[in-house]
Every structure is written in structure tokens, then in C-alpha cells.
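Q: Quick one: this structure, given as C-alpha cells, is what I'll be asking you about.
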Amino acid sequence: MAQRIVTMISEDEIRKRVTALGAEISKEYASKNLVLVCVLKGSFVFTADLARAIETPMRIEFLGVRSYGEGTSTSGVVQITQDLSRPIEGEDILIVEDIVDTGLTIAHLLDLFRTRRPNSIKVCALLHKPARSRIQVPIDYLGFTIEERFVVGYGLDWGEKYRNLPSISVVESE
Ligand code: IMP
């Protein structure tokens, strides 16, 4: 069956929102020890753009997480495939997530990082699908709230495909 890629959020809309988020974060973290934690793989594009929209000096860490297989529904099991390269004690952690869907991944990461005694820990998510929420998690900085559809592009995949699309899109079968 043929597939059609339909844009949900354009490159331009993403750029404007990421710039605004960057300005907000720059202000709030001006005198802090900011560490951006990029949750791989889906957040790599968002983190790259967000980091460049933030003026505050920062460290960037990468965390490998697997919560989805090849399909589109979560197993509820979050597996760390690559840990941070350094301790985060006393630092101000900002977890950068592509999308908060059920909330299980962020809940797990908050629990994990709290045990490492950072000075503060907050969440920045590009997308939120509230209709699918299974656990309440705080999202301190949010790009867009979206309806209950599986989205791809701007780092997000479907079975490892479509991460390189510049806009956030849905795949439709024709
Ligand atoms: P959660 O644990 O259910 O909140 O899921 C978080 C992870 O599931 C995200 O970081 C994504 O990797 C993946 N995910 C959830 N919804 C989508 C989607 O619509 N498109 C692509 N990946 C998604």
C-alpha cells in the first residue's frame, strides 16, 4: 500500500517555537549549571536546535533509551542502552525529550536521575499527546500539544524510518 507523508507542524512553526523555548530557558538558567540531557534517539534533532537557541553556557549529555520496538505502542518497559558520561550531582538537569506519550519514559528518567542528586531537574518536551497519558509527569517547557496520532520526522521515527524529515508529519496509507 502506498504511503503519503502529511505535514502536521511545519519547519517554520518548529523554528519559531524552539527559538521561544530557548529564550525562556536562557532566562531561567542564566546563573545555573545547565546540563541538557538529550534522550536518544528521537531527541537528537530537537536538542541540536534547542541548544543553539539557548545562550546560557551548558554541558550536553546523551542518554540512550529504548521504550518502543518496531511498532507504535509502548511496552511500558524502559531500557537504558547508553548512560550519561559523567555524574550530575549538584548540576541543573534539563531532560530534552522528543515526545511525551504515555509519560512512562519521563517518569522512569526522573526517578533514575533523582537518585544522582542533581541541584534541579526539569523536563523540556517538543510534543505532548495528553490523550495517551498513563502517568502524570511534569513538563516544564513544551513545544506543542498534539492529538492522538503517530508522528514522524524532526528526529522521530517509525521503525527507524523518517527521522530525517524536517517537519513533524503523519504517515497516511493511500
Ligand atoms: P512514552 O514513554 O510513552 O511517553 O513514550 C516516549 C517515547 O515513545 C518517545 O520518546 C518516542 O521515542 C516514542 N513515541 C511516542 N509517541 C511517538 C510518536 O507519535 N512517534 C514517534 N515516536 C513516538
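Q: Work out the length of the dipole vector of the chain about its Cα centre, built from +1 on the beta-carbon of each Lys and Arg and -1 on the beta-carbon of each Asp and Glu, and round it to the nearest 20 debye.
A: 280 debye
Q: Continuing with this model, one more query. Using a basic spin-label model with each label point 7 Å from the Cα along Cα→Cβ, how many nm lie between S85 and Q3?
A: Label-label distance for S85 and Q3, simple model: 3.3 nm.
Q: Here is a further query. Taking only the C-alpha atoms, wrap a convex hull around region 122-162 and report its volume per residue in Å³ as a whole number.
A: Spread over its residues, the Cα hull of region 122-162 gives 89 Å³ apiece.
Q: Of N119, A131, L104, whose Cα points farthest to the positive end of the dipole of region 57-159 (charges on the beta-carbon: +1 Lys, Arg; -1 Asp, Glu; origin at the Cα centre)?
A: Most positive-ward Cα: N119.
Q: Spin-label point model (7 Å from Cα, Cβ direction): what's the F44 to D12 distance in nm?
A: It is 2.9 nm.
Q: Could I ask something else about it? Using Cα pairs under 8 angstrom and six or more residues apart, how large is the relative contact order of the chain, in percent?
A: It comes to 27 percent, rounded to a whole number.
Q: Hey, which of these cross-link pairs are over 28 Å Cα-Cα: K129/K161; K32/K129; K32/K161?
A: K32/K129; K32/K161
Q: Moving on to the next point. Ranked highest first by average number of other Cβ atoms within 10 Å, how do 42-53, 3-14, 94-105 line up?
A: The packing order, highest mean first, is 94-105, 42-53, 3-14.
Q: Kindly state, to the nearest 0.05, the FRET efficiency for S173 paired with R52, given R0 = 35 Å and r defined as their beta-carbon distance.
A: Efficiency, rounded to the nearest 0.05: 0.45.
Q: Give me the dipole magnitude in Debye, nearest 20, for region 114-168 about the Cα centre, with unit charges on the beta carbon: positive for Lys and Arg, negative for Asp and Glu.
A: Here the size comes out at about 320 debye.
Q: Decide, for region 28-159, between rounded, prolate and oblate: order the square roots of the alpha carbon gyration tensor eigenvalues as a ≥ b ≥ c, take rounded if a/c falls under 1.5, and otherwise choose prolate if a/b is larger than b/c, else oblate.
A: Prolate is the answer for region 28-159, as a/c is 1.5 or above and a/b outweighs b/c.
Q: Moving on to the next point. Which value in deg cm²/dmol, rounded to the nearest 500, describes the helix-derived mean residue ellipticity at 222 nm for the chain, given -39,500 (n - 2.57) per DSSP H run of n ≥ 4 and division by the residue count?
A: Mean residue ellipticity, 222 nm, calculated: -7000 deg cm²/dmol.
Q: Also, I was wondering about something else. Could you state the principal axis extents of the C-alpha atoms in region 90-135, from the largest down, to the nearest angstrom?
A: 35, 17, 10 Å, listed from the longest principal axis down.
Q: In region 84-174, if every C-alpha pair distance is counted and binned at 5 Å from zero, what percent goes to each bin?
A: Result returned by the calculation: 3, 13, 21, 21, 17, 13, 9, 3, 1, 0, 0.
Q: Let me ask something additional. Against the longest principal axis of the chain, how steep is helix 44-53, in degrees 0 to 90 to the nearest 10, with axes from Cα atoms?
A: So the inclination is approximately 50 degrees.
The numbers here are math on the coordinates, done by the rules we state, and not lab data. Just so we're clear, the structure is a prediction, and the values are computed from it rather than from any experiment. When we count neighbours, we look across all protein chains shown, and the Cβ atoms used for this are built from the backbone with ideal geometry, even at glycine.
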